1. Might you let me know whether the range A:92-99 holds any residue that is surrounded by fewer than 24 Cβ atoms within 10 Å (Cβ to Cβ), within 16 Å of ligand 3 (Cβ to nearest atom), assigned to a helix (DSSP H, G or I) and at pLDDT 95 or above?
2. Sort out which residues of the range B:166-183 are crowded, with 19+ Cβ neighbours inside 10 Å and within 14 Å of chain A (Cβ to nearest Cβ), and write them in order of number.
3. Mind listing whichever residues of the range A:24-39 are more than 10 Å from chain B (Cβ to nearest Cβ) and either away from ligand 3 (no atom under 16 Å from the Cβ) or surrounded by fewer than 21 Cβ atoms within 10 Å (Cβ to Cβ) (or both)?
4. Any chance you could count how many residues in the range B:40-85 are within 16 Å of ligand 2 (Cβ to nearest atom) and surrounded by fewer than 18 Cβ atoms within 10 Å (Cβ to Cβ)?
5. Restricting to the range B:203-254, give me the number of residues that are exposed (fewer than 13 other Cβ atoms within 10 Å of the Cβ), hydrophobic (A, V, I, L, M, F, W, C), modelled with pLDDT of 95 or more and part of a loop (DSSP other than H, G, I, E, B).
6. Among (1) assigned to a helix (DSSP H, G or I); (2) assigned by TED's automatic domain parsing to the domain that holds residue B:159; (3) of a type outside the set (Gly, Ala, Ser); (4) crowded, with 19+ Cβ neighbours inside 10 Å, which single condition is residue B:100 missing?
7. Among (1) among the aliphatic types (A, V, I, L, M); (2) away from chain B (no Cβ under 14 Å); (3) outside any loop (DSSP other than H, G, I, E, B), where does residue A:65 come up short?
8. Condition (residue is crowded, with 18+ Cβ neighbours inside 10 Å, among the basic types (Lys, Arg) and either more than 14 Å from ligand 2 (Cβ to nearest atom) or part of a strand (DSSP E or B) (or both)) applied to the range A:14-21: is it met by at least one residue?
Amino acid sequence: MAAVSLTVNAKPVSLETEDRTLLVYFLREQLGLTGTHIGCDTGQCGACVVHVDGRAVKSCTMFAVQAAGSDVVTIEGLARDGKLHPVQEAFRENHGLQCGFCTPGMIMTAVDMIRRIPVLDRATIRAELEGNICRCTGYHNIVSSIEDAARRMDAESKGVAA
Amino acid sequence: MIPYPFTYHRAGSLAEAETILKASPEAKLLAGGQTLIAAMKMRLAQPSDLIDISGLKELSFIRAAGDAIVIGAGTRHFEVAISAEVNRLIPALAHLAESIGDPAVRHMGMLGGSLANNDPAADYPAAVLGLDATIRTQRRSIAADDFFTGMFSTALDEGEIVTEVSFPVSARAAYAKFPNPASRYAMAGVFVAKTKSGVRVAVTGAGPCVFRVPEMEAALAADFTPHAIAGIEINAADLNSDIHGSAEYRANLVGVMARRAVAAAQ
Ligand SMILES: Cc1cc2nc3c(=O)[nH]c(=O)nc-3n(C[C@H](O)[C@H](O)[C@H](O)COP(=O)(O)OP(=O)(O)OC[C@H]3O[C@@H](n4cnc5c(N)ncnc54)[C@H](O)[C@@H]3O)c2cc1C
Ligand code: FES
Ligand code: FES
């Protein structure tokens, strides 16, 4: 048991937690950030994806102590001043979700891939979604949402908004 | 799923990691955690202590050294995939790293963790064996042919830490993998390379441990074309059979992947 200090959605956080606490439980249960979901709990589904120091990772497969000193962003941290992030907007407008369970992880993965990859075609988007499983949509509209979001962010000068 | 309790240590140096490892016999190194944490969550592993070596700068590097690329054990899969050096000198290795799991796994997982784990379906062992790489630890150098000793087992001794791997540069090398559609682990993956010591063919995913195929190597030494190995059958007796595919299926797949790899290495 030790205090873990890190930044979550731009706010400094310092909380006692067991060494064995997984980052996803730390976020959901200790910080109340329940937007990050637990689907499989085995590293396969991507519902728990968050950004640690700017990179998409599965928070069910990382201990909170490993993130000490890091900058963590969850789905709750994407909107700015009450305005949705362009990827969130694009998912809404392209019907990129049905039940919404996979959506936080999909969006965090999408923001990460748009940041990393200058030109995203549909095949690349599908390959990049390898670690995110959706039981509802059949992926088609998720791919369209990400394609659309990449275009929007390009227009708004990509990389700056996220 | 919640693991058994353990004590976490963030190692400040390799020497510190060694000291903690020596002091606690049940301690384990933590690299990217993409295998170990899953095993701990399922309570298949119960280390008393975890020694996190993922932050060690001394283990995280990619450098060209003469006719080899030396990669630190703490280098993450995505770093190998995007490295300009690796893409220029051994593109097959960058391509292999890019094919591991998914982006989130590649952002965490490390070369040393993958090799120490030696999963029968892991990708890196095929490149290490196929390129005739050398694995270095804090104590010694181990040739690829001696490193992988069986399913999930390696030549590493108690307390031994993989520090870096030296991959000889090979312009004619390629990796062809038939991924399990669900996990992306290899159902069969074949790494083919023309190396200083001859042509090497290394197979992962199909058997209990990565292995070479001497018949294919001999045929390719004479004629480095897919055609040269078209008639070579792999014995299914030693291969894996599971819900994803029978041993016979995998034996056939090895032939197909080997031919694809040779075609890609032209
Ligand atoms: C969803 C998913 C999909 C995956 N798909 C693939 C795939 O397609 N192909 C593939 O190859 N792999 C795949 N993996 C595994 C992934 O590549 C792991 O990252 C890798 O096997 C282990 O590396 P790690 O750094 O995460 O090691 P860890 O999990 O931290 O450690 C693994 C073991 O190695 C030991 N260890 C770590 N570093 C060292 C060292 N330097 N010296 C000695 N011992 C050490 C640890 O003590 C532990 O026993 C996948 C994993 C997941 C979760
Ligand atoms: S809950 Fe983490 S990958 Fe499924
Ligand atoms: S929208 Fe229901 S799981 Fe994806």
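The values are calculated or read from the model by the stated rules, or taken from the named source; none is laboratory data. Note that the structure is a prediction, hence the values are computed from the model and not measured. When we count neighbours, we look across all protein chains shown, and the Cβ atoms used for this are built from the backbone with ideal geometry, even at glycine.
1. yes
2. B:177, B:179, listed by residue number.
3. A:24, A:26, A:27, A:28, A:29, A:30, A:31, A:32, A:33, A:34, A:35, A:39
4. Within the range B:40-85, residues that are within 16 Å of ligand 2 (Cβ to nearest atom) and surrounded by fewer than 18 Cβ atoms within 10 Å (Cβ to Cβ) number 1.
5. Adding up the residues that qualify gives 1.
6. Residue B:100 satisfies all of (1) assigned to a helix (DSSP H, G or I); (2) assigned by TED's automatic domain parsing to the domain that holds residue B:159; (3) of a type outside the set (Gly, Ala, Ser); (4) crowded, with 19+ Cβ neighbours inside 10 Å except (1).
7. Answer for residue A:65: the failing condition is (2).
8. Yes, because at least one residue in the range A:14-21 is crowded, with 18+ Cβ neighbours inside 10 Å, among the basic types (Lys, Arg) and either more than 14 Å from ligand 2 (Cβ to nearest atom) or part of a strand (DSSP E or B) (or both).
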